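The values are calculated or read from the model by the stated rules, or taken from the named source; none is laboratory data. Note that the structure is a prediction, hence the values are computed from the model and not measured. Don't worry about glycine lacking a Cβ; one is built from the backbone with ideal geometry, like all the others, and counts go over all protein chains shown. Only protein heavy atoms, including side chains, enter the accessible area calculation; ligands, DNA and RNA are left aside. Shrake-Rupley method; radii C 1.70, N 1.55, O 1.52, S 1.80 Å.
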Amino acid sequence: MFRQMFEEKYMRFPQGRCKAVTFSYDDGVKADKKLVEILDKYGLKGTFNLNSLLFDCENWHGRMNEEETYNLFKDSPHEVALHGARHIFMDKVPLPEAINEAVQNRVYLENKFGKIVNGMAYAYNGYTDEIIAVLKQLGVIYARTTEDTHSFSVPKEWLKLNPTCHHNSPQFKELADKFISGSPLNEFKHREPWLFFIWGHSYEFDDNGNWNVIEDFAKRISAQKDIWFATNGEICEYVNAYNNLVFSIDGEMVKNPSYMGVYLEIRGKVYEIPAGKTVKFDK
């Protein structure tokens with residue numbers, strides 16, 4: 001028997017799942033209330049990217065005021081993340097100003113919500129290599145672009161995090177159908193896990209009169225038992241924990257130095273690698 005393929009190791013999400021779904025929505029607008037209601041109804045989780053100096057701009061896509069924003073997310077399972085203090089093109093201002101845009105945003109959100117806020121979505125998709133380098137130094141662990149991949153590949157460049165697609169993408173339904181009906185477990189050689197990463201602005205559902213798009217998808221996807229529903233940050237931290245696993249030289253043992261348990265598949269068997277533990281694989 002040709003064994004080589006069976007020695008490959010594949011990340012699996014919590015409880016050994018091979019698929020995950022996450023949502024990323026920008027600007028902190030009133031329509032987020034309805035979106036949160038839909039996500040909560042179906043047990044889904046998402047990330048909401050907020051500006052911290054635009055609470056008085058209701059005429060700009062119906063932004064929430066400060067109190068509304070806090071009340072919506074303070075006890076929520078959803079993640080709040082950075083979107084710049086003023087929603088400016090960070091790539092079109094001097095670098096110190098761009099840095100200040102992220103720092104002000106992070107200081108406000110962390111103080112307001114009492115939790116670490118280290119994820120981001122680039123306003124206007126404005127970023128440069130310099131900005132990416134600075135964000136890394138500022139402790140930002142991921143930053144989402146608007147550059148759709150139309151794939152389910154788990155990202156490798158987390159500070160240039162390309163999503164699968166916008167909910168208004170012409171390919172959205174086709175991708176949803178493929179994601180729900182398919183599985184990497186059906187593959188022989190390429191069994192890498194799938195991530196469906198959806199982004200947008202909730203006010204677009206009002207503008208386009210198509211709330212049914214997200215409601216129908218939420219209903220369909222929530223019925224699937226083999227999918228992990230998580231925030232952008234939860235997925236990033238999990239992937240980082242997996243990537244920090246330490247393997248023995250022969251690949252038959254693995255140590256997990258992180259604070260969270262992770263799962264992997266080898267030779268058709270899924271293993272849980274608990275935090276701080278070493279596991280030997282069955283031969």
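Quick check: from the Cα gyration tensor, does segment 130-201 come out rounded (a/c under 1.5), prolate or oblate? Oblate, because a/c is 1.5 or more while a/b does not exceed b/c. Building the convex hull from the alpha-carbon atoms of segment 42-99 and averaging its projection over directions returns 5.1 nm².
Which shape class, rounded, prolate or oblate, goes with segment 223-283 when its Cα gyration tensor gives a ≥ b ≥ c as root eigenvalues, a/c under 1.5 marks rounded, and past that a/b bigger than b/c marks prolate? In terms of gyration-tensor shape, oblate. The residues packed around residue 126, meaning those with a beta-carbon under 15 Å from its beta-carbon, carry a net charge of -4 if Lys and Arg are +1 and Asp and Glu are -1. Here the translational diffusion coefficient of segment 1-150 follows from Stokes-Einstein with Rh set to the Kirkwood radius across Cα pairs; for 4 °C and 1.567 mPa s it amounts to 77 µm²/s.
Karplus-based coupling profile of segment 259-264, in residue order and whole Hz: 8, 10, x, 9, 10, 9, with θ = phi - 60° in 6.51 cos²θ - 1.76 cosθ + 1.60 and x standing for Gly or Pro. Return the subset of 136/219; 30/115; 160/225; 115/156; 178/269 for which the Cα-Cα distance in this structure is over 32 Å, preserving the input order. Checking Cα-Cα distances, 136/219 exceed 32 Å. Over the alpha-carbon set of segment 157-283, divide Rg by the Kirkwood Rh and report the Rg/Rh ratio to two decimals. Taking Rh as the inverse mean 1/r over Cα pairs, Rg/Rh reads 1.04. Normalised by 2.2 N^0.38 Å, where N is the number of residues, the C-alpha radius of gyration of segment 208-257 stands at 1.85. For the chain, the fraction of 1.4 Å probe accessible surface lying on carbon and sulfur atoms is 51 percent.
For residue 30, the amide hydrogen comes within under 5 Å of the amide hydrogens of 63, 64, counting only partners 5 or more places away or on other chains and with H modelled in the peptide plane. Sorting 32, 206 by accessible area puts them as 206, 32; the probe is 1.4 Å, largest comes first, and only protein heavy atoms count.
When the Gaussian network model of the chain links Cα atoms closer than 10 Å, the mean-square fluctuations of 19, 30, 92 top out at 92. Taking a ≥ b ≥ c as the square roots of the eigenvalues of the Cα gyration tensor, segment 72-202 is prolate, since a/c reaches 1.5 or more and a/b is larger than b/c. What the Kirkwood sum gives for the chain is a hydrodynamic radius of 19.9 Å, with every pair of different alpha carbons counted.
A convex hull fitted to the Cα coordinates of segment 1-66 yields 137 cubic angstrom per residue. Here segment 142-160 is scanned for amide nitrogen atoms under 11 Å from the site 7 Å beyond the Cα of residue 166 along Cα-to-Cβ, giving 146-148. Rolling a 1.4 angstrom probe over the protein heavy atoms with all chains in place gives the chain an accessible area of 48 Å² per residue.
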